[in-house]
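*Asks:* Encoded as structure tokens, here's the structure I'll be asking about.
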Amino acid sequence: MIELLRYYLKEELPDAELAMLARLGIGATPAQVNGWTKEAMSAARAAGRNLCAADVLEQILPPDSRSPEDLRAIALHEAGHAVVAHRLGVTVEHVTLLQQGQSGGHMRSRLPRQVLGWAEICDQVTILLGGRAADVVLGAGPNTGAENDIERATTMLADALNRQGLGARLAYKPTRLAGIGQPDLEAHLSRLLKRAIDIIGDNRDAALKLANRLLDQRILTGADVAEVLGQPAKTRMRLPPRH
């Protein structure tokens with residue numbers, strides 16, 4: 001990220017300021033960084049002065065019109081994803097409250113490997129449901145913010161069982177939900193949601209601390225998350241059977 005900023009800004013800012021901006025822009029695409037820097041340089045030229053870090057900062061962190069209640073709900077939700085991932089031994093790369101499209105924030109973690117087995121699939125689904133678990137344990141209860149998570153969790157489980165040969169049947173099903181009844185899928189999801197809820201419940205204080213820090217800083221790196229949560233400790237449970 002620092003190299004991208006340096007490339008587009010043509011060394012107009014010192015490295016210390018670039019490092020600060022890079023931290024805030026973590027996870028951005030090269031196209032986004034290019035857009036930020038163009039707008040920032042244009043604003044500085046219009047004001048008849050040299051570029052300063054505040055010009056770029058205004059592009060990375062535009063004014064947030066969301067209510068304090070919404071921001072807290074989103075922070076709790078994203079902290080839930082991060083806590084579950086960390087406790088399952090999955091590396092968290094960053095957590096942010098920055099809006100991207102329809103998403104009010106996001107948590108990015110690193111897959112343990114490219115080729116996943118049943119245990120890793122269950123871990124990934126548990127992480128996806130970590131936001132809903134935090135809504136239930138720490139927030140005001142289930143809300144609409146988990147729609148994308150639930151869609152991805154359902155698709156991941158259905159693919160594993162019907163298309164990737166990780167279930168009791170090997171035959172490939174061209175339709176994702178073919179061959180697995182809704183009650184079976186609900187049972188898998190319910191067990192893994194319970195797993196996520198247990199993790200959040202066992203780490204309630206740490207999750208609240210992480211959410212509060214996210215509210216203060218809006219973006220946390222993986223190192224920030226590890227500082228708050230400590231060393232990851234793999235949380236074990238009986239995984240759903242492969243029906």
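The values are calculated or read from the model by the stated rules, or taken from the named source; none is laboratory data. If you're wondering where the values come from, they're calculated on a predicted model, not measured in any experiment. Note: ideal-geometry Cβ built from the backbone for every residue, glycine included; neighbour counts use all protein chains shown.
*Asks:* Only one of (1) out of contact with any helix residue (DSSP H, G or I) (no Cβ under 8 Å at 6 or more places or on another chain); (2) buried (at least 17 other Cβ atoms within 10 Å of the Cβ); (3) assigned to a helix (DSSP H, G or I) is not met by Val56, so which one is it?
*Replies:* (1)
*Asks:* Please list, ordered by first then second residue, the pairs with beta carbon atoms under 8 Å, 6 or more apart or interchain, first in the stretch 67-80 and outside the structural domain of Arg204 (by TED's automatic domain parsing) and surrounded by fewer than 17 Cβ atoms within 10 Å (Cβ to Cβ), second assigned to a helix (DSSP H, G or I) and modelled with pLDDT of 95 or more.
*Replies:* Cβ pairs passing all conditions: none.
*Asks:* Of Glu58, Glu11, which residue is in contact with an Asp or Glu (Cβ under 9 Å, 6 or more places away or on another chain), acidic (Asp, Glu) and more than 30 Å from Asp198 (Cα to Cα)?
*Replies:* Among Glu58, Glu11, only Glu58 is in contact with an Asp or Glu (Cβ under 9 Å, 6 or more places away or on another chain), acidic (Asp, Glu) and more than 30 Å from Asp198 (Cα to Cα).
*Asks:* Just to be sure before I move on: is Glu17 in a loop (DSSP other than H, G, I, E, B), buried (at least 17 other Cβ atoms within 10 Å of the Cβ) and acidic (Asp, Glu) in the structure I sent?
*Replies:* Working: in a loop (DSSP other than H, G, I, E, B): no; buried (at least 17 other Cβ atoms within 10 Å of the Cβ): yes; acidic (Asp, Glu): yes.
Answer is no for this residue.
*Asks:* Evaluate the stretch 24-39: report whether one residue or more is charged (D, E, K, R) and farther than 22 Å from Leu97 by Cβ.
*Replies:* Yes - at least one qualifying residue is present in the stretch 24-39.
*Asks:* Of the residues Leu208, Leu166, which single one is within 30 Å of Leu21 (Cα to Cα) and either in contact (Cβ under 8 Å) with a residue 12 or more places away in the chain or among the basic types (Lys, Arg) (or both)?
*Replies:* Only one candidate qualifies: Leu208.
*Asks:* Any idea which residue in the stretch 84-118 is nearest to Asp202 (Cα to Cα), counting only those that are without any contact (Cβ under 8 Å) to a residue 40 or more places away in the chain and among the charged types (D, E, K, R)?
*Replies:* If we take residues in the stretch 84-118 being without any contact (Cβ under 8 Å) to a residue 40 or more places away in the chain and among the charged types (D, E, K, R), then Arg110 is nearest to Asp202 (Cα to Cα).
*Asks:* Same structure, new question: Any residue in the stretch 30-49 that is in contact with a His (Cβ under 9 Å, 6 or more places away or on another chain) and of a type in the set (Val, Ile, Thr)?
*Replies:* No, the stretch 30-49 contains no residue that is in contact with a His (Cβ under 9 Å, 6 or more places away or on another chain) and of a type in the set (Val, Ile, Thr).
*Asks:* Just to check your reading of the model, which residue among Leu166, Leu220, Leu161, Leu193 is in the same structural domain as Val92 (by TED's automatic domain parsing), within 20 Å of Leu128 (Cβ to Cβ), modelled with pLDDT under 95 and assigned to a helix (DSSP H, G or I)?
*Replies:* Leu161
*Asks:* Just to check your reading of the model, which residue among Ala134, Ala168, Ala119 is aliphatic (A, V, I, L, M) and in contact with a helix residue (DSSP H, G or I) (Cβ under 7 Å, 6 or more places away or on another chain)?
*Replies:* The conditions single out Ala134.
*Asks:* Moving on to the next point. Looking only at the stretch 26-44, count every residue that is in a loop (DSSP other than H, G, I, E, B) and crowded, with 17+ Cβ neighbours inside 10 Å and tell me the total.
*Replies:* The total comes to 2.
*Asks:* Kindly indicate whether Ala134 is within 15 Å of the chain's Cα centre (by Cα), at pLDDT 95 or above and either within 16 Å of Leu76 (Cα to Cα) or not assigned by TED's automatic domain parsing to the domain that holds Arg72 (or both).
*Replies:* Judged against the criteria, Ala134 is a match.
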